[in-house]
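Below is one structure; the comments refer to it alone.
The values are calculated or read from the model by the stated rules, or taken from the named source; none is laboratory data. Please read all numbers here as calculations on a predicted model, not as lab measurements. Every residue, glycine as well, gets a Cβ built from its backbone with ideal geometry; the counts of neighbours run over all protein chains shown. For the accessible areas, the whole protein counts, side chains as well, though only heavy atoms, and no ligand, DNA or RNA atoms are used. Shrake-Rupley method; radii C 1.70, N 1.55, O 1.52, S 1.80 Å.
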Amino acid sequence: MIPARHAPVLVTAGLFAALFILGALQYDGFGTLRVFLNLFTDNAFLAVTAIGMTFVILSGGIDLSVGAVIAFTGVLTAVLVQAGWPLWLVFPLVLVIGGTFGAGMGCLIHFYRLQPFIVTLAGMFLMRGLAVVVSERSVPIEHSVYDAVNAAGVMLPGRAFISAQAIMLVIVLAGALILAHYRRFGTYVYAMGGNAESARLMAVPVARTTIGIYALSSFLAALAGIMFSFYTSSGYALAAVGLELDAIAAVVIGGTLLTGGYGYVIGTLVGVMLMGLVQTYIAFNGSLNSWWTKIVIGVLVLIFVCLQRIRIPTKAATGSARE
Amino acid sequence: MTGPKSIISTLQRHGALWPLVALGLIWLVIIIVNPGFFAFTIQDGRVFGGVIDIFNRGAPVALIAIGMSLVIATGGIDLSVGAVMAIAGAVAANLIVGTDLPVPLIILAGLGAGLAAGLLNGTLVAGFGIQPIVATLILLVAGRGVAQLLNDGQIITFQNEAFAFVGVGTLLGLPMPVWLVLFVLAAMLLITRRTALGLFIEAVGANASASHYAGVPVRAIKLTVYAIAGLCAALAGLVATADIQGADANNVGLWIELDAILAVVIGGTSLMGGRYSLVLAVVGALIIQSLNTAVVLSGIPPKFNLVIKSAVIVAVLMLQSPVAQAQLASLRRRFTA
Amino acid sequence: MTAATPLLSLRGVRKEFPGVVALDDVDFEVRPGEVHALLGENGAGKSTLIKVLTGVYPRDGGEMSLGGGTLSPQSVGEAQAAGISTVYQEVNLLPNLSVAQNLLLGREPRRFGLTDWKQMNAKARETLTRFRLDIDVTRPLGAFSVAIQQLVAIARGVDQRAKILVLDEPTASLDASEVEVLFDILRDLRTAGLGVVFVTHFLDQVYALSDRITVLRNGRKIGTFETAELPRPKLVEHMLGYELQGTASSHASRGTVTEGNDAALEMDSACVSGSVQEISLAAQSGEAIGLAGLLGSGRTEVCRAIFGLDTLSSGRIRRNGRDVHITSPRGAIAKGIALCPEDRKANGIVGELSVRENIALALQARRGWWRPIPAREKRAMAEKAITDFKIATPDADKPVRLLSGGNQQKVILARWLAIEPDVLLLDEPTRGIDVGAHAEILRLIHQLCERGMALIVTSSELEELVAFSHRVIVLRDFRQIAMIEGEDITEDAVLQAIAS
Amino acid sequence: GSGSSEGAANDQLTVGFSQVGSESGWRTSFTQAVQAEARDRGIDLKFSDAQQKQENQIRAVRSFIAQGVDAIVIAPVVETGWKPVLTEAKRAGIPVVIVDRNMALKDDSLYLTRVASDFVEEGRKAGRWLMEETGGDCDIVELQGTVGATAAIDRMTGFNEVIANYPDAEIVMTQTADFTRARGKEIMETFLRAMDPADICAVWAHNDEMALGAVIAMKEAGIDPGDDILVVSVDAVPDIFKAMADGDTNATVELSPHMGGPAFDAIEAHLRGESVDKLISVNGDLFTQETAAEEYQKRTAG
Ligand SMILES: Nc1ncnc2c1ncn2[C@@H]1O[C@H](COP(=O)(O)OP(=O)(O)OP(=O)(O)O)[C@@H](O)[C@H]1O
Ligand SMILES: Nc1ncnc2c1ncn2[C@@H]1O[C@H](COP(=O)(O)OP(=O)(O)OP(=O)(O)O)[C@@H](O)[C@H]1O
Ligand SMILES: [Mg+2]
Ligand SMILES: [Mg+2]
């Protein structure tokens, strides 16, 4: 028997399958392995960000700064690479900056009891602002490694392509699954989301965990920033504007409760893929103008979250939302 | 006794001290960079001056922050307010251009659109139990699309003195938006304090389950606050539309939800729900607008805007944090000792 | 072991909260191999002492030492590392994690640095067998009743293998058999040389288990006594500061009920799918019905069904002979029914709000939005409740979450009495209430009956159940298995019915 | 429907069009112009709105490739970052036409042609006009576009390049107004409060919308825009012609929304096997009050 708490993930996966089949029936070239694998490549950086966001949301927090961190990392990477810095120095540097920045936000949240929403909002302004300060202009990256990595991957029949981006995503996913479900840190994250006060009384190292969560999220966002710099071979201060909302939406569509404590990393991946599939579907359709695109995306999200509500409500899955 | 000491302690008890200190500090910076900014002049029966400018410009955020406060007090959040502004503006502008309806009806139609949007949000949250951030995210995305659909993607401009009055008119020397903020604030204070609504809102936000057990109509309360937030957003949208005599569906209220939430939090309300203060939310909105104005006046290149903004936000939040205050006090003690 | 050097000792510990001195110059010590009861009325400072001891609150003064070394934990983790394992008042576990995870949080068995789930579940099951608990340890804790959660919390505390085990009202939601199991375990631990600090309001349990007693009153220490040398009335006097007038457990009012008319509340073969089955009961005005049964027997569910929290799948509920269809607490309240719930943290108090607002909440909800209770009236209501129930709070404006557990319970009782219901459902009303207040509440139940209210009361304490009930309904597995009436109501009879 | 990428000429042509978004009236006009053009030519246009996000645009282009369209038209959000996806399009043999903003590409085999405007040149044009009009003596307040946007940076560059030659011309205050009318009004209001309006000679706005906002602010402050303070901007949306005709603003540099026609011309020529120039310039003219009324008529009639 499938435990009720897995139902949201399965529902999302079911919706994904349904939309994929619908698209395949409607459009040539839609129901192919290529389109499916493209989802991994095109959404890799978003998925990596959303995986970090999952930990934050599971702990009952939120991180609005991720989009800006991606932009900042991208710009800094591009500027440093163009200035001739070696990649082996640039990548660790920006990742450390990302992680430290997140840890700093975690400190503000934990030690000064400031609200995550606002701290990370300020973090978003800061990172976006710093990105603009580093370079207002978009900076192209000309580097042989970039070209090589972008060309690297496994070509399958039917022009389906497993890209380096997709491989990176799978690695991050595996790491995140282990962290969430097979490490103490993961349990602590769930514990804090379940009830922060109880977690404290149960000797969860709340300070370390909180700082770790935001450091992880920012670290993954920085990693996503590097991936984005590969994806576009450039860095741009206005890149990934509003990406935090996409990430949050993906996490939630993947079945994680925003109040914390309930949800799965794997669900987030399915959520990202579903949202990516919606985009692909709209692109294949190609007849929606700008506003209908927005309306259709909104309505689809509405349908998805409503369908998720219709599943059998269980005490365990709905938590305290008993009214 | 109304000595300065007791005023300060009263303010402190209501959590008003630090937001006001923050506002004062920003104004001080403005005076330093531009001494003449706060000078009052009276011209054509209208009072001009920096403070009034800040009130006037801060009006949309303040209006939205009032509605947002109530939503946040119930433990929710409303991300759709910017999109609702766009819808309300688009509805009004299209009616002005396309029909001969009298202005009051047009205003009502705009507000009606906001009410409908708020009810939609409220139904999703209270009726279907969808998490507020997601429920309102839907309208954040789709709502602007609806507004653009109404406007066909263009800015619908109009010449209508009566309607423009909402945004640029002057009443008893003060700009209309300032009156609207004061009016909505007073009305909301009245409604929440003179009825049981305020108590119910705080109860629902603090513990929805216990409130339900106590017979509080939890769903109806939630529906109501989203409806109010929708109305406030619509009014803000009408003000913004009247201000430029055009409905800019693409840009009006873009990211305003973040400013409004910020205003509410700077005013001391917790995003976890429970206690709230409408007056302080308006103060929060003034802080944000003052900050924007200070940045423009300072002449610092725009690319530093966001860095400055983030630094000030963190500073204001730290100012309010009891932990930081205690640390500061102990530092001071160590220095004086 | 009387002369043994203390394992744990506190000297002159002080803790202040805004407006309250919760601990004032308190000395306290625990020897190895003793069970030390920490007693006092609601709000005396017991939980605060424990929280200071275990690093939850920083202390404002005094010294602490453990096993010779000084003790100054900054967090629960540090206290635990120093050898103090604590089960706090109220269940403070994580409803979203599985039972096994809750038991072993922070101590998960690992293989190659990764959590070994199989071993963890096995270990958890093994730990729980000691508590004679056979449940699915992989299910989320939130799916279980408060009682089970409390047992899991205790099991977690015991399992830490500490030098000192602190239990803050661990038995509040347990019934007699579970308490026995727990006591056996605690006796074993005592023999093994552990020091146990035990907080409770059940004096029977104090005498059954403890070696010494320390009494707190208003944050001050009254004294430490050998249990064997302290007669019960004397203990109560130490706790309350005055002598308690004879217990209220007279059966005097029994039989004064006017039978024959339509019952104030009647359940007729009521079923809720997935919950109670075929429940029939009738409560006349002026009558108290006791619901008895083991943990999870469905007592809470009966209350939920009446109060409209669960919807009947079949059967009927009647008020004064007329069928009523209740689908929400609001509807129930409108029909004159009130429920004082079992889980006060989740469903009772609105923590952020003040004592005054909490008391006024239900009345205000019934009056509706448009007729706010005037501020003066609210204040008067609160003041009256604070004096009537002896609620320990500096003023009515204090957020209720800052009150001690027992005082929170009193606030909720006051909330429901303010609406003057015809039918009052009390689900474990005396949980966590001190002896003084306990007597008050029993007296109150009698009074309410006399005033013509119909009461349905759940209690795990058979003694009090027997004391106030005109009729006892015994439940098992969500079904009604016996009804005991009038003079037949004795502890033995009820026990037998439960056990049969 | 979709053809193979080799595209038989008698098949209906399928073209994917990836647009930035719908952030302004000008952008919408641009989209509609391209759609109308495609309709007239019987081209099956697959339209995708990226909502100002490059990642969405890349996704859309990759979907177009997967779908096997005959050609792709991209109006890029930003100049950089196109090499990987264009390489993919090239590998699939799909010609790409860049419209509106430029792309920073070293390898010009990655695209068929650019139908482009030159933001720097637009800034220069505005600057030259203003300097001529004022004899090079002018204290200017500047309303910048969104910080970081190419259009803003380039127009500023071009404008500043020109006024650098005039020692008496100076930008006295500058601030971003995010390309929007509302912010334009707000910023202008603050400028007017911060300094004596009589000291301001001209408003230079990176687009028409901000200029129109500034006009409202000036009018409310009792200043006559167009006379007391000159106003020059870029885009040439219909509303600005009305404002010019009313004497509220003075000049605008056109950014033509009609880039669809040349783009489709190039695609069709390419599919016929003809060679195509790598750059098709659509630089617009500068319009002033003289022709404003007439232009307004012309542009709103269609
Ligand atoms: N965090 C706090 N802030 C303010 N006051 C508090 C806080 N915690 C406890 N108090 C106050 O300290 C006093 C002692 O409370 P405590 O919880 O220690 O009582 P207790 O003896 O455990 O009572 P009970 O038997 O009801 O659990 C009470 O008056 C309570 O209101
Ligand atoms: N010993 C047990 N084993 C398994 N499940 C149990 C056990 N005890 C209780 N439960 C579960 O807990 C749920 C509800 O218990 P609840 O506390 O509401 O019952 P109750 O009769 O009111 O008990 P209480 O004595 O705590 O008031 C039931 O659904 C039951 O399945
Ligand atoms: Mg206690
Ligand atoms: Mg129960």
Using a Förster distance of 45 Å, how high is the FRET efficiency between D:Arg41 and D:Thr288, based on the Cβ-Cβ distance and rounded to 0.05? 0.85
How many Cβ atoms of partner chains, on average, are near each residue of B:121-134 if near means within 10 Å of its Cβ? 4
Rounded to the nearest 100 Å², the accessible area buried between D and A, both sides, probe 1.4 Å, is 3500
If you take each beta carbon of peptide C:53-60 and count the beta carbons of other chains within 10 angstrom, what is the mean? 1
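Output the relative contact order of the range A:4-318, whole-number percent, from Cα pairs under 8 angstrom with separation of 6+ residues.
Values: 522 pairs, mean separation 117.5, N = 315.
With pairs under 8 Å counted, the relative contact order is 37 percent.
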Say we join alpha carbon atoms closer than 10 Å with springs in a Gaussian network model of chain B; which of B:Ala220, B:Ala116, B:Ala16 then has the biggest fluctuation? B:Ala220
Read phi for every residue in the range B:301-316 and hand back ³J(HN,Hα) as whole Hz from Karplus 6.51 cos²θ - 1.76 cosθ + 1.60, θ = phi - 60°, with x for Gly and Pro. x, x, 5, 8, 3, 5, 5, 4, 4, 5, 4, 5, 4, 4, 4, 5
Within 10 Å of the Cβ of an average residue in A:188-194, the count of other chain Cβ atoms is 4
Charge context of C:Ala22, other residues only, Cβ under 15 angstrom, K/R +1, D/E -1: +4
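Provide the per residue accessible area, probe 1.4 Å, for the range D:137-289, rounded to a whole number of square angstrom.
33
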Would you mind checking the pairs A:Lys294/D:Lys278; C:Lys335/C:Lys378; C:Lys15/C:Lys398; C:Lys15/C:Lys163; C:Lys118/C:Lys163; C:Lys15/C:Lys345 and listing those with alpha carbons more than 27 angstrom apart? A:Lys294/D:Lys278; C:Lys118/C:Lys163
Please state the charge dipole magnitude for chain C, taken about the Cα centre, from unit charges on C-beta atoms (+1 on K and R, -1 on D and E), reported in debye and rounded to the nearest 20. 1540
With solvent modelled as a 1.4 Å probe, how much accessible area in total do chains A and C shield from it at their shared surface, in Å² to the nearest 100? 2400
Counting only the backbone N, which residues of the range D:101-140 are under 19 Å from the spot 7 Å out from the Cα of D:Asp196 toward its beta-carbon? D:137-140
Farthest toward positive dipole pole in the protein assembly as shown [+1 Lys/Arg, -1 Asp/Glu at C-beta], among C:Gly12, A:Phe284, A:Met105: C:Gly12
Can you find, among C:Ala454, C:Ser98, A:Gln308, the residue sitting farthest towards the positive end of the charge dipole of the protein assembly as shown, where Lys and Arg contribute +1 and Asp and Glu -1 at Cβ? C:Ala454
The range C:48-118: GluC sites (Glu not before Pro) in DSSP loop, at most 13 other beta carbons within 10 Å: none
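What is chain A by shape, rounded, prolate or oblate, if you read a ≥ b ≥ c off the alpha carbon gyration tensor as root eigenvalues and call it rounded for a/c under 1.5, prolate for a/b larger than b/c, and oblate otherwise?
The shape class here is oblate.
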So with the 1.4 Å probe, I'd like the accessible area per residue for the range D:1-121, rounded to whole Å². 30
Unpartnered Cys in the protein assembly as shown, judged by a 4.7 Å Cβ-Cβ cut-off, are A:Cys107, A:Cys306, B:Cys232, C:Cys271, C:Cys303, C:Cys340, C:Cys449
Normalising by the residue count of chain C, find the relative contact order in percent from Cα pairs under 8 Å and 6+ residues apart. 16
What is the set of long-range amide H partners of C:Lys15 at a cut-off below 5 Å, with H atoms built 1.01 Å from backbone N? C:Ala22, C:Leu23, C:Asp24, C:Asp25, C:Asp60
Excluding ligands, DNA and RNA, what is the accessible area buried between chains C and B, summed over both sides, using a 1.4 Å probe, to the nearest 100 Å²? 2100
Counting only protein heavy atoms and using a 1.4 Å probe, what share of the accessible area of chain D belongs to carbon plus sulfur, as a whole percent? 45
Dipole of the range C:251-499, positive direction: furthest Cα of C:Pro372, C:Ser273, C:Phe307, with charges on the beta-carbon: C:Pro372
Rounded to the nearest 500 deg cm²/dmol, what is the calculated helix-only ellipticity per residue at 222 nm for chain B, with -39500 (n - 2.57) per DSSP H run of length n ≥ 4? -24000 deg cm²/dmol
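In whole percent, how big is the carbon plus sulfur part of the accessible area of chain B, probe 1.4 Å, protein atoms only?
Of all accessible area on chain B, carbon and sulfur atoms account for 71 percent.
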For B:Gly110, the net charge from surrounding residues (Cβ-Cβ under 15 Å; K, R +1; D, E -1) works out to -2
Non-local residues with an amide H under 5 Å from the amide H of A:Tyr262, with H modelled 1.01 Å from N and Pro and chain starts lacking one, are A:Leu257
What ³J(HN,Hα) values, in whole Hz, does the Karplus curve 6.51 cos²θ - 1.76 cosθ + 1.60 give for the range C:195-205 when θ = phi - 60°, with x put for Gly and Pro? x, 10, 9, 10, 10, 7, 10, 8, 5, 3, 5
Order these peptides, D:257-267, B:324-334, by their mean beta-carbon neighbour count within 10 angstrom, highest first. D:257-267, B:324-334
Charged-residue dipole, Cβ positions (Lys, Arg, Asp, Glu), chain A about Cα centre, Debye nearest 20: 800
In nm, give the distance between the simple-model label positions of A:Leu33 and A:Leu177, each being 7 Å from the Cα along the Cα-to-Cβ direction. 2.0
Could I have the simple spin-label model distance between C:Arg322 and C:Asp204, label points 7 Å from Cα toward Cβ, reported in nm to one decimal? 4.3
Label-reachable residues, the range B:44-68, where backbone N falls under 17 Å from a point 7 Å from B:Ala186's Cα toward its Cβ: B:63
Given charges at beta-carbon only (K, R positive; D, E negative), |dipole| of the protein assembly as shown in Debye: 3920
What's the FRET efficiency of D:Gln12 with A:Val145 using the Cβ-Cβ distance as r and R₀ = 45 Å, to the nearest 0.05? 0.60
Which residues qualify? For C:Arg217, with a placed amide H closer than 5 Å and at least 5 residues away or on another chain, they are C:Ile222
Could you give the accessible area per residue of the range A:66-211, probe 1.4 Å, as a whole number in Å²? 39
Mean Cβ count within 10 Å, highest first, over the residues of peptides A:55-68, C:415-428, B:258-271: A:55-68, B:258-271, C:415-428
Compute the distance in nm between two label points, each set 7 Å from the Cα along the Cα-to-Cβ direction, one at C:Tyr242 and one at C:Asp397. 2.9
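What net charge is computed for the residues neighbouring C:Leu363, neighbours being all others with C-beta under 12 Å from the C-beta of C:Leu363, Lys and Arg scored +1, Asp and Glu -1?
+3
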Accessible area of the range A:4-318 with a 1.4 Å probe: how many percent of it is carbon plus sulfur? 72
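Suppose only helical runs count, i.e. DSSP H with n ≥ 4. What mean residue ellipticity at 222 nm does that imply for chain C under -39500 (n - 2.57) per run, divided by all residues and rounded to the nearest 500 deg cm²/dmol?
Calculated mean residue ellipticity at 222 nm is -10000 deg cm²/dmol.
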To the nearest 0.05, the calculated FRET efficiency linking C:Ser314 and C:Asp262 through their beta-carbon distance, R0 being 30 Å, is 0.90
Given the DSSP H assignment, sum -39500 (n - 2.57) over each helix run of at least 4 residues in chain D and divide by its residue total; what's the result at 222 nm in deg cm²/dmol, nearest 500? -13500 deg cm²/dmol
Just report the Cα centroid separation between the range A:108-178 and the range A:26-84, whole Å. 6
From the backbone phi of the range C:96-113, what are the Karplus-calculated ³J(HN,Hα) couplings (6.51 cos²θ - 1.76 cosθ + 1.60, θ = phi - 60°) in whole Hz, Gly and Pro given as x? 8, 8, 5, 4, 4, 4, 4, 5, 10, 3, x, 10, 4, x, 10, 10, 6, x
